[in-house]
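Just so it is clear, none of the values below were taken in a lab; they were calculated from the coordinates. What you see is a predicted model; the values in this text were computed from it and never measured. Don't worry about glycine lacking a Cβ; one is built from the backbone with ideal geometry, like all the others, and counts go over all protein chains shown.
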Amino acid sequence: MIPDPLFDFSGKVALVTGGSRGLGYRMVKALAARGADVIVASRKVENCEAVAAECRALGREAMAWGVHCGRWDEIDALIDAAYSGFGRVDILINNAGMSPACPSHEMPESLFDAVLNLNFKGPFRLASQVAHRMTQGDGGCIINISSSGALMALPTVVPYGSAKAALNAMTVSLSREYAPKVRVNTISPGPFLTDISEAWDERKREKQPVALGRPGNPDEIVTAALMLASPASSYTTGALLRVDGGQR
């Protein structure tokens, strides 16, 4: 099959955090299937290795790396490993995150810090350091995975929505700071049927209060990521792309 030139990532290197499951896993596999070598990063290295093995079976080079994406020292080690192993990163997808529910007035400081570290502090470190390296090379693109929770009322997970709103603002600022060689964009997903949805009741798994009336299937995030990662999107930066089924 002749690859679509708009989505041919042959010779590119993609680093995806939270890449061992959920939406991150789908994006890793989609990039690898279209020619990209990949770095799969997440908390459990054995899960990353399983995904890396799937990508190698497609003929790609793949690295598995265990990392806590809220800790700067571990992020710096990931960056060093990526550049030592591949020499560059062309595509960075900041996907790792968490949203534990807790009434705001009962939120312990430790949980507040953990949520902000993983959803904003860590992505800032990773994006800024990789963007700097990209400017010293051939450039590249960064995609930050946010949430519709940054754009709507989200009781009991206020720190999560706030951190994702900060991520949205970070995208716009970094897109200016590291332009023109680096493009930085945001994808804002809505409710998706990933492993997280296994805890939903059956009604929520079938219907959602969005314009399309249903949750998204994980593969429906892939085209958005491919579009923003593609050089064909060379005039798109600082953008927020909502993939949320028409969230109010």
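For Cα extents along the principal axes in Å, which listed value, (1) 57, 44, 35; (2) 47, 40, 37; (3) 53, 45, 32, comes from the coordinates shown? Looking at Cα extents along the principal axes in Å for this model, the match is (2). Backbone phi angles across segment 143-158, fed through the Karplus curve with coefficients 6.51, -1.76 and 1.60 (θ = phi - 60°), yield HN-Hα couplings of 10, 9, 8, 9, 6, 4, x, 7, 10, 8, 5, 9, x, 6, 10, 4 Hz in residue order; Gly and Pro are listed as x. The ranking of F9, F86 by Cβ neighbour count inside 10 Å, starting from the fewest, reads F86, F9. Phi angles of segment 213-219 translate, via the Karplus equation with coefficients 6.51, -1.76, 1.60 and θ = phi - 60°, into HN-Hα couplings of x, 8, x, x, 7, x, 5 Hz per residue; Gly and Pro are given as x.
Across the chain, C-alpha contacts under 8 Å between residues 6 or more apart give a mean separation that, scaled by the residue count, equals a relative contact order of 18 percent. Couplings 3J(HN,Hα) for segment 90-100, derived from phi with the Karplus relation 6.51 cos²θ - 1.76 cosθ + 1.60 (θ = phi - 60°), are 9, 9, 10, 10, 7, 10, 4, x, 7, 9, x Hz, where x marks Gly and Pro.
Using just its DSSP H runs of length 4 or more, each adding -39500 (n - 2.57), the chain gives a mean residue ellipticity at 222 nm of -12000 deg cm²/dmol after division by all residues.
Against the empirical 2.2 N^0.38 Å (N residues), segment 107-248 has a Cα radius of gyration ratio of 1.11.
For V222, V13, V184, the sequence from fewest to most other C-beta atoms within 10 Å is V222, V13, V184. Net charge of the neighbourhood of G11, taken over other residues with C-beta under 12 Å away and scored Lys/Arg +1, Asp/Glu -1, is -1. Between G97, G19, G59, the residue with the greatest mean-square fluctuation in the GNM of the chain (Cα pairs under 10 Å linked by springs) is G59.
Quick one: check the C-alpha center-to-center distance for segment 27-51 versus segment 82-126, whole angstrom. Comparing the Cα centres of segment 27-51 and segment 82-126, I get a distance of 18 Å.
Kirkwood hydrodynamic radius computed over segment 1-124 comes to 15.1 Å, based on all pairs of distinct alpha carbons.
Annotation for E61 and T156: the two label points, set 7 Å from Cα along the Cα-Cβ direction, are 4.7 nm apart. Spacing of the modelled spin labels on H105 and S233, each 7 Å from Cα toward Cβ, amounts to 4.2 nm.
Residues D8, D113, D37 in ascending order of nearby Cβ atoms (within 10 Å, fewest first): D113, D8, D37.
Among beta bridges from DSSP that stay inside the chain, the antiparallel ones total about 5%.
Placing +1 on the Cβ of every Lys and Arg and -1 on the Cβ of every Asp and Glu, with no other charges, gives the chain a dipole of roughly 500 debye about its Cα centre.
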